[in-house]
Amino acid sequence: MYKIAVLGDRDSVLGFKALGLDTYFVESADEARRTLHRLAKPAAGAPSEYAIIYVTEQLSVDIAADIARYKTSVTPAVILIPGKSGSLGLGTQALQSAVERAVGADIG
């Protein structure tokens with residue numbers, strides 16, 4: 001069975017632990033990159049055990065290229081969520097872009 005992970009600063013992701021999600025606190029962009037890739041591909045050639053990896057929008061700014069590597073993969077789906085300081089609008093933009101690709105037109 002697949003799991004769900006949440007990646008970001010401690011204050012933003014701690015509440016997700018109460019919901020039973022796996023939480024990963026990171027302090028730097030380098031640590032975030034390593035953690036994201038470890039969660040997405042735990043062993044050489046092995047499938048990810050995570051179907052969804054939520055990443056805070058604030059963190060995603062620093063690791064955008066790394067997140068883009070998983071944009072077209074089926075699993076894991078990397079989804080941006082607002083952090084403790086609020087939304088930057090990046091998650092909404094990513095969702096709108098995905099819908100446009102799927103539908104073939106701007107529906108907003």
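Within the range 59-108, being acidic (Asp, Glu) and at pLDDT 70 or above holds for Asp62, Asp66. Applying the condition of being in contact with a helix residue (DSSP H, G or I) (Cβ under 9 Å, 6 or more places away or on another chain) and of a type in the set (S, T, N, Q) to the range 14-37 and asking which residue is least open to solvent (accessible area, probe 1.4 Å) yields Thr23.
Pairs meeting the criteria (first residue in the range 13-25 and under 17 Å from Leu36 (Cα atoms), second residue open to solvent by 60 Å² or more (accessible area, probe 1.4 Å) and of a type outside the set (Ser, Thr, Tyr), beta carbons under 6 Å, at least 6 apart or on different chains) are Asp22/Lys3; Thr23/Lys17; Phe25/Arg10.
Scanning the range 52-82 for residues that are polar (S, T, N, Q) and part of a loop (DSSP other than H, G, I, E, B) yields Thr72, Ser73, Thr75.
The values are calculated or read from the model by the stated rules, or taken from the named source; none is laboratory data. Owing to the predicted nature of the structure, the values given are computational and were not obtained by experimental measurement. Using ideal geometry, Cβ is built from the backbone for each residue, glycine included, and neighbour counts are taken over all protein chains shown. Please note that ligands, DNA and RNA were not included when accessible areas were found on the heavy atoms of the full protein model with its side chains. Shrake-Rupley method; radii C 1.70, N 1.55, O 1.52, S 1.80 Å.
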